[in-house]
Amino acid sequence: MYTPTRPTRPRVLLTGFDAFGGDAVNPSWLAVRALHGRQMAGHAVVAAQLPTVFGEALRALHVLLVKHQPALVICVGQAGGRSALSLERVAINVDDAPIPDNAGAQPIDAPVAPGAPAAYFSTLPIKAMLAALQREGLPAEVSQTAGTFVCNHVFYGLMHTIAANPELRHTRGGFVHVPWLPEQGTPNMALDDVVRGLRVAVRAALVTPQDTLLAGGATH
């Protein structure tokens, strides 16, 4: 049950994940942690870490949504092999894990939420965010898939929770993938650039009530 009492100052909730898959660090958590406590466009930024565990990650996110009732939620995850900040367009209702999560679970072709819609679109102004990142000279892209691991699991769960709860009707949410750090492999992005990129993306989302019409599709 959601509490009807909102924080006095509107909040932005940023989440990152703990390390997984044999990595010692996860840039998603390091980056959002660096923004914790900042003030952006009249909003207080709150950062929290989610476990890279199916089910448990969504339970932790639910607690955060109840506590903070944020105006904006951006969940952030690591995408090894990508070279740009990836603004995710769509979350799909499937868990199909190529590797076990941090609790050893490896669901295959399982729904995130049984009986729920097949997919949800991000409600972030991803094209405006893309333009803002490009103006700053940061590698950025609109991504058409968030995968089928815990990142997509959280993205879908976030959007389903927002859609299903009237108390969150004014909350906008979505997901951003970030590259590896230099010490993790290539391609990569320096942590300072990841932090700067998230700061630019959050600010753009907060000041853009309606998204920009801008090409950001893919041919394959």
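The values are calculated or read from the model by the stated rules, or taken from the named source; none is laboratory data. Note that the coordinates shown come from a computational prediction; the quantities given were computed from them, not determined experimentally. For neighbour counting, all protein chains shown are included, and Cβ atoms are generated from backbone atoms with ideal geometry for every residue, glycine included. Please note that ligands, DNA and RNA were not included when accessible areas were found on the heavy atoms of the full protein model with its side chains. Shrake-Rupley method; radii C 1.70, N 1.55, O 1.52, S 1.80 Å.
I'd like the full set of residues that are without any contact (Cβ under 8 Å) to a residue 40 or more places away in the chain and either open to solvent by 60 Å² or more (accessible area, probe 1.4 Å) or closer than 29 Å to residue 67 by Cα (or both), limited to region 189-208.
Narrowing region 189-208 to residues without any contact (Cβ under 8 Å) to a residue 40 or more places away in the chain: 190, 192.
Correct list: 192 only.
Inside region 43-78, can you point out the residues that are in contact (Cβ under 8 Å) with a residue 60 or more places away in the chain and at positive phi? I'd like the intermediate steps shown before the answer.
Filtering region 43-78 down to residues in contact (Cβ under 8 Å) with a residue 60 or more places away in the chain leaves 43, 45, 50, 52-54, 57-58, 61-62, 65-66, 68-78.
Passing the criteria: only 69.
A quick yes/no check of all residues on (1) at pLDDT below 95; (2) aromatic (Phe, Trp, Tyr); (3) open to solvent by 20 Å² or more (accessible area, probe 1.4 Å); (4) in contact with a helix residue (DSSP H, G or I) (Cβ under 8 Å, 6 or more places away or on another chain):
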| residue | (1), (2), (3), (4) |
| --- | --- |
| 18 | no, no, yes, yes |
| 26 | no, no, no, no |
| 36 | no, no, yes, no |
| 51 | no, no, yes, yes |
| 65 | no, no, no, yes |
| 72 | no, no, no, yes |
| 85 | no, no, no, yes |
| 95 | no, no, no, yes |
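Among residues belonging to region 133-163 that are among the polar types (S, T, N, Q) and part of a helix (DSSP H, G or I), point out the one that is surrounded by the most Cβ atoms within 10 Å (Cβ to Cβ).
Pass one, region 133-163, residues among the polar types (S, T, N, Q): 134, 143-145, 148, 152, 161.
Next, only the ones that are part of a helix (DSSP H, G or I) stay: 134, 152, 161.
Details: 134: 14, 152: 23, 161: 20.
The extreme case among them is 152.
Just one of the numbered conditions (1) of a type in the set (Phe, Trp, Tyr); (2) open to solvent by less than 10 Å² (accessible area, probe 1.4 Å); (3) within 18 Å of residue 27 (Cα to Cα) is not true of residue 180; which one?
Single failed check for residue 180: (2).
Within the set of pairs 6+ apart or on separate chains, which have a first residue in region 79-105 that is free of Cβ contacts under 8 Å to residues at least 40 places away in the same chain and on the phi < 0 side of the Ramachandran plot, a second that is surrounded by fewer than 22 Cβ atoms within 10 Å (Cβ to Cβ) and in a loop (DSSP other than H, G, I, E, B), and C-beta atoms under 7 Å apart?
The qualifying pairs are 100/106.
Name the residues in region 167-190 that are part of a helix (DSSP H, G or I) and over 23 Å from residue 41 (Cα atoms), would you? Steps first, please.
Restricting attention to region 167-190, the residues satisfying the condition of being part of a helix (DSSP H, G or I) are 167-168, 182-184.
Hits for region 167-190 are 182, 183, 184.
Please specify each residue of region 107-125 satisfying the condition of being exposed (fewer than 14 other Cβ atoms within 10 Å of the Cβ) and free of Cβ contacts under 8 Å to residues at least 40 places away in the same chain.
Those that are exposed (fewer than 14 other Cβ atoms within 10 Å of the Cβ) and free of Cβ contacts under 8 Å to residues at least 40 places away in the same chain: 108, 109, 114, 115, 118, 119, 121.
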